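Reviewing the structure listed below.
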Amino acid sequence: SISGGIPQYLNYFSRESNVKAAVINNFFQKDGRLFEEPTNLIKQELRDPANYNSIIAAIAQGHSRLNEIATATKIKATSLRSYLNNLTELEVIERIVPVTEDPNKSKKSIYCIRDGMYRFWYRFVPARLTLIERGMSEQAWRGIEPRLSDFLGPDFEKLVQDYLWEHYNVERMPFTKLGNWWGPDSRTHKQVELDVLGYSADDASFAVFGECKWRNEPISKQVLEKLIFNSNLFNYPKKYYYLFSKTGFTAECQKLATEIGCQLVKFENM
């Protein structure tokens, strides 16, 4: 998640004893190998690096929609599309839409940082530049450790989706599409997000619904109840439920899962 899977970066990390040391020695020191890596790569690959930097920084701060990015960067939307397309081609960012939407027609698209190293750098390094420049790397790390679970969440979702494809069951649930979904709930007038929605373009009799939690605490019964409630936005006769957890599930959650046939999967078993 932090290296983006780049072999050279993984090699840097493998020399360290733990994640903390890898982050401090590579990102949080002025002579660290990755301290200036994203900005150097952008300068090499693209013209107008200042605008590209501001775009990636805006996305890292949670501005995911085109108009939000335009407002945060003060770049006109007409010009912004070209910048976003270039970053997408370099696989730095990606445009995603709800799994039920046509990517070529959907107006619900959002942008996120695809490359793990860029996502980590832009989320954590700029806000700590003063500490890093003063050699206060330990202090810079303190603000990150409690946020790592949240940072790892999106990658856990991708891992979960890969897991479901790898355990594809053509007899039980032959879905043809699988991904994230978000949209309005007319019952509550709130926005709903599903970590996993799988369905078949050829068979409207079933769908797969899943929730992923990368936390140092077991998933509660309330999480499963919310998943069931949100799944009722869809009129599929048969619904398959999955919960994926870093650490496990409460006894009440396990009881309800047994009653409705929900599959419970711990990270260590994936």
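The values are calculated or read from the model by the stated rules, or taken from the named source; none is laboratory data. Bear in mind the structure is a predicted one, so any value in this text is a computation, not a measurement. All Cβ positions, glycine included, derive from the backbone under ideal geometry; neighbour counts span all protein chains shown. Note: accessible area is taken over every heavy atom of the protein model, side chains too, but ligands, DNA and RNA are not part of it. Shrake-Rupley method; radii C 1.70, N 1.55, O 1.52, S 1.80 Å.
Looking across segment 30-57, the residues that are open to solvent by less than 30 Å² (accessible area, probe 1.4 Å) and hydrophobic (A, V, I, L, M, F, W, C) come down to L34, F35, I42, L46, I55, I56, A57. Residues that are in a loop (DSSP other than H, G, I, E, B), in contact (Cβ under 8 Å) with a residue 60 or more places away in the chain and open to solvent by 80 Å² or more (accessible area, probe 1.4 Å) within segment 177-214 are absent altogether.
Please go through (1) at pLDDT 95 or above; (2) under 25 Å from F244 (Cβ atoms) for F35 and return the number of the only condition it doesn't satisfy. Evaluating F35 over (1) at pLDDT 95 or above; (2) under 25 Å from F244 (Cβ atoms) leaves (2) as the failure. Take E94 and decide whether it is open to solvent by 50 Å² or more (accessible area, probe 1.4 Å), under 21 Å from the mean Cα position of the chain (by Cα) and not small (G, A, S). Answer is no for this residue.
Figure legend. Inter-residue proximity from segment 243-266: first residues more than 18 Å from F209 (Cβ to Cβ) and open to solvent by less than 60 Å² (accessible area, probe 1.4 Å), second residues part of a helix (DSSP H, G or I) and charged (D, E, K, R), beta-carbon distance below 7 Å, spacing 6+ or different chains. Indicated pairs: T250/K221. Mind checking which residues of segment 215-242 are of a type in the set (S, T, N, Q) and in contact (Cβ under 8 Å) with a residue 60 or more places away in the chain? Result: N216, single match. For segment 139-159, a residue qualifies if it is of a type in the set (K, R) and under 26 Å from E94 (Cα atoms), and the qualifying residues are R147, K158.
Condition check ((1) closer than 30 Å to F175 by Cα; (2) in contact with a helix residue (DSSP H, G or I) (Cβ under 7 Å, 6 or more places away or on another chain)) across all residues:
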| residue | (1), (2) |
| --- | --- |
| N26 | no, yes |
| E36 | no, no |
| I42 | no, yes |
| N51 | no, yes |
| L80 | no, yes |
| N86 | no, no |
| I96 | yes, no |
| S109 | yes, no |
| R114 | yes, no |
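Scanning segment 154-176 for residues that are surrounded by 18 or more Cβ atoms within 10 Å (Cβ to Cβ) and among the β-branched types (V, I, T) gives a single hit, V160. All of (1) in a loop (DSSP other than H, G, I, E, B); (2) among the polar types (S, T, N, Q); (3) closer than 30 Å to Y199 by Cα hold for S17 with one exception: (3). Of all residues in segment 155-167, those that are more than 16 Å from Q263 (Cα to Cα) have Cβ atoms under 8 Å from Cβ atoms of residues that are part of a helix (DSSP H, G or I), 6 or more apart or on another chain, in D155/G116; F156/F267.
Results for (1) open to solvent by less than 60 Å² (accessible area, probe 1.4 Å); (2) touching a Ser or Thr at 6+ places or on another chain (Cβ under 8 Å); (3) among the hydroxyl-bearing types (S, T, Y); (4) closer than 30 Å to A207 by Cα, shown as yes or no for each residue.
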| position | (1), (2), (3), (4) |
| --- | --- |
| K107 | no, no, no, yes |
| W121 | yes, no, no, no |
| E133 | no, no, no, no |
| E138 | no, no, no, no |
| G143 | yes, no, no, no |
| F151 | yes, yes, no, yes |
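For the residues N216, N230, the requirement of being at pLDDT below 95, polar (S, T, N, Q) and more than 16 Å from V265 (Cβ to Cβ) singles out N216. Flag: H189 matches the condition of being closer than 26 Å to S64 by Cβ and over 19 Å from the mean Cα position of the chain (by Cα). Applying the condition of being touching a Leu at 6+ places or on another chain (Cβ under 6 Å) and buried (at least 17 other Cβ atoms within 10 Å of the Cβ) to segment 215-229 and asking which residue is nearest to S186 (Cα to Cα) yields L224.
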